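Here the structure comes first, spelled out in C-alpha cells, and everything after it is commentary.
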Amino acid sequence: MDKIVIRGGRPLQGRIRVSGSKNASLPLMAACLLADGPSCLQNVPDVRDIRTMARMLEILGVKSERTDQALTLDPSGLASRPAPYELVSTMRASIYVLAPLLSRFGKAQVALPGGCAIGLRPIDQHLKGLEALGATVDLAHGYINAKAPHGLKGDEIYLDVASVGATVTILLAAVRAQGRTVLDHAACEPEIANLAEGLNAMGASISGAGSSRIVIEGVRNLRPATLTVIPDRIEAGTLALAGAMTSGEMIIENLPLAHLKALENKLRETGVALIPEGKQAFRVQRKEKKLTPVDIVTLPYPGFPTDLQAQWMALMCLAPGRSVITEAVWENRFMHVAELNRMGADIQIEGSNALVRGGNPLSGAQVMASDLRASAALILAGLVAEGETTVSRIYHLDRGYEHLEQKLSGLGADIQRVPE
C-alpha cells in the first residue's frame, strides 16, 4: 500500500491535460455489452475503478484489451452469470451491468453495490425504472434478481430524484425495449449526454439527453462502434482549485469551461478567475492575494458538484473569515473535516452544514483519506501547508484520479508516492 508525501509552499505553474472521465467511462463500458461485437472506447483513464469494471466484465465473458488510452471490449462470449459481491462491493457503478444483462438474456443477478462510504446510496430508482419497463425484481441474500422473460417494453418513467445512476440504468434498459420510453426528471450531467451519444453511435434512438426529459425509441439491436469518453470535469475542477490555492498560474487543457460553470462562478466570487483559452482549455488566475470566503450548496448538475465539495473546503480554509458549505447530495460526506482540522483548519459540522473559519495557516501532518474526493482535498491542503504532509490510504485516490501526483509534480509541486 502506498502513501503520498507533500512538502507545501510551491506555486503551481504550467500546462496540464485533463484525463478522460471515469464517471463517463463506466456507463459506456456497460453499454458495450449491448452490441453484437467488439467496441472501442477512446480516452479511457487508467484508474482503479476502470480496472475493476474490466475484471467484472471478464467474469461475465467479455474480452478486454487496453492500448494506451483505448479500451476494446468484445462481448461475444457474454453470459448471464452472477456479478460477484467481491467486485460489486468495491464500486457502486458495477450495478450498470444489470440492465444490459437483463436486456440481452431476460434475466440478471448482480450483488448489491458498494463504493465510497459517503452515505446511503439507495437503488430504489434503478429498480423502479426496470419494473416500469416490465421487469420483476426481488432482493435476496445480498443480490438483485431481475427477470423479463418476455422482454422489456417502453413506458413513461418519472424519477423521484435526478439520480445519475438510475438514469444510466434506465437508458441501458430502454434502448432495446419494445416501443418508446419517456424519462422525466432525468439527471442532466455531461456524462449522461456522453452515454446517449455513444448509444446513438451504436444504433440507438435517444433524444433529450443532457436535459431533464429523455425520449428513447427502442431498437432491436445495437452495433459495435468506436466511442470517445469526455474529459473529466472533476479532475479539471480539482486542478483548478489546486492552482487557486497555490497562487499559481496554470492552463488546464482538454476540457470545455462550460462543464465547470458552477465552479467558475463561485471561484470568481473568491477572487480567482477561470479564463477561456480557446474551446477546450482555460487559465487559472488568482487575482487577489487574499481569498474571499464564499458559501456553497452542493446540488445535481448544473449545480455545484458534490464531488468538488471537499476540495472547495480546502480552499476555504485559506480564505480569512467565515464560509458555510452545505452538503445537500450525500449525508455523510464530511469525513475529511477531522483530517483537515488535524492540519490546523477550523471547521465545525452542524447537520448538513460545515462552518469554516478560514485564514489560519495550515501545517503538515499525517492524515488519512476516507474516500476518493477527500483524498484529493487532503493533497490540496498539503500543497499549501507548512512542512510535510503524509496522506495514507490513497487507494481511494487511485479509484478516480489518473496519476494525480505526477501531474502536480509536473506543475512544480513537491509531491511523491512512496511505499506505506
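Taking (1) farther than 30 Å from Asn332 by Cβ; (2) in a loop (DSSP other than H, G, I, E, B); (3) β-branched (Val, Ile, Thr) in turn, Val294 satisfies each apart from (1).
Scanning the stretch 130-139 finds one or more residues that are modelled with pLDDT of 95 or more, more than 26 Å from Ala54 (Cα to Cα) and hydroxyl-bearing (Ser, Thr, Tyr). Of the residues Ala319, Ala314, Ala376, the single one that is touching a Phe, Trp or Tyr at 6+ places or on another chain (Cβ under 8 Å) and small (Gly, Ala, Ser) is Ala376. Only residues that are of a type outside the set (D, E, K, R) and closer than 20 Å to Ser21 by Cβ: list them for the stretch 396-416, please. Passing the criteria: His396, Leu397, Gly400, Tyr401, His403, Leu404, Gln406, Leu408.
Might you let me know whether the stretch 374-390 holds any residue that is out of contact with any strand residue (DSSP E or B) (no Cβ under 9 Å at 6 or more places or on another chain), in the same structural domain as Asp295 (by TED's automatic domain parsing) and in a loop (DSSP other than H, G, I, E, B)? No, every residue in the stretch 374-390 fails to be out of contact with any strand residue (DSSP E or B) (no Cβ under 9 Å at 6 or more places or on another chain), in the same structural domain as Asp295 (by TED's automatic domain parsing) and in a loop (DSSP other than H, G, I, E, B). Of all residues in the stretch 158-174, exactly one satisfies the criterion of being surrounded by fewer than 24 Cβ atoms within 10 Å (Cβ to Cβ) and either among the acidic types (Asp, Glu) or closer than 13 Å to Ile216 by Cα (or both), namely Asp160. The listed residues are Gly37, Gly61, Gly14, Gly9, and the only one of them that is surrounded by fewer than 23 Cβ atoms within 10 Å (Cβ to Cβ), without any contact (Cβ under 8 Å) to a residue 40 or more places away in the chain and over 23 Å from the mean Cα position of the chain (by Cα) turns out to be Gly61. Checking each residue in the stretch 350-392 for being modelled with pLDDT of 95 or more and among the basic types (Lys, Arg) picks out only Arg357. Just to be sure before I move on: is Gly237 modelled with pLDDT under 95 and buried (at least 18 other Cβ atoms within 10 Å of the Cβ) in the structure I sent? So Gly237 fails the test.
The selection criterion, being of a type outside the set (Val, Ile, Thr) and part of a helix (DSSP H, G or I), does not hold for Glu331. Among the residues of the stretch 217-239, those that are assigned to a loop (DSSP other than H, G, I, E, B) and within 30 Å of Leu308 (Cβ to Cβ) comprise Val229, Ile230, Asp232. What about Gly400, is it on the phi > 0 side of the Ramachandran plot and not assigned by TED's automatic domain parsing to the domain that holds Asp46? When the stated conditions are applied, Gly400 does not pass them.
Exactly one residue out of Val356, Val329, Val367, Val337 is more than 29 Å from Gln13 (Cα to Cα) and either in the same structural domain as Asp398 (by TED's automatic domain parsing) or free of Cβ contacts under 8 Å to residues at least 60 places away in the same chain (or both), and it is Val329. Please work out if Glu405 is acidic (Asp, Glu) and surrounded by 17 or more Cβ atoms within 10 Å (Cβ to Cβ). Yes, satisfied. For beta carbons closer than 6 Å, sequence separation of 6+ or different chains, a first residue in the stretch 143-154 that is farther than 16 Å from Thr169 by Cα and a second that is assigned to a strand (DSSP E or B) and of a type in the set (Gly, Ala, Ser), the qualifying pairs are Tyr143/Ala111.
The values are calculated or read from the model by the stated rules, or taken from the named source; none is laboratory data. Being a predicted model, the structure only gives us computed values, none of them experimental. Note that we place each Cβ from the backbone using ideal geometry, even for glycine, and neighbour counts take in every protein chain shown.
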